[in-house]
Amino acid sequence: MIAQIEASIKYFEEEETLHIYGQQMWHDNAYIVGNRAALQRLQDQITQALQYGEKKDVFFPNDGEGYDLYVACVDDQFNWENLEAPYHDTEIFEKRKQPTKAFNKYKIDG
């Protein structure tokens with residue numbers, strides 16, 4: 001029993017590292033890579049976005065430079081034409097605007 005308690009304490013003290021790699025162009029792969037603690041927190045963030053519509057949290061890649069991750073759950077009537085495609089290869093696509101039109105509860109500069 002003590003080993004289980006110590007294991008759970010270590011889990012919560014574990015450093016959370018999360019990398020998100022978006023698509024550079026059409027049909028390209030996207031990746032989310034994180035340790036267990038970060039992926040658990042991402043799961044919690046998605047659950048809260050499903051419940052409340054939006055959720056913001058802070059994550060860190062392995063270089064320690066934190067970033068805000070915003071998750072929005074939009075309704076089926078959401079106008080996807082309000083958002084630009086998510087691709088980010090600047091040799092193919094112009095620099096894009098942030099997808100801020102999907103968020104109503106957070107003030108996001110974009």
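Quick note: the coordinates plus some simple rules give every number you see, no bench work behind them. Keep in mind that what you see is a predicted model, and the values were worked out from it rather than measured. In this analysis, Cβ positions are derived from the backbone assuming ideal geometry, glycine residues included, and neighbour counts consider all displayed protein chains.
What's the FRET efficiency of Asn104 with Gln43 using the Cβ-Cβ distance as r and R₀ = 30 Å, to the nearest 0.05? Plugging the Cβ-Cβ distance into 1/(1 + (r/R0)^6) gives 0.85.
Label separation (Ala30 vs Ala85): 1.4 nm, computed from points 7 Å beyond Cα along the C-beta direction. Which of the trypsin sites (Lys or Arg not before Pro) found in region 18-110 are in a DSSP loop and have at most 16 neighbouring Cβ atoms, other than their own, within 10 Å? Of the trypsin sites (Lys or Arg not before Pro), the ones in loops of region 18-110 whose Cβ has at most 16 other Cβ atoms within 10 Å are Lys95, Arg96, Lys97, Lys105, Lys107.
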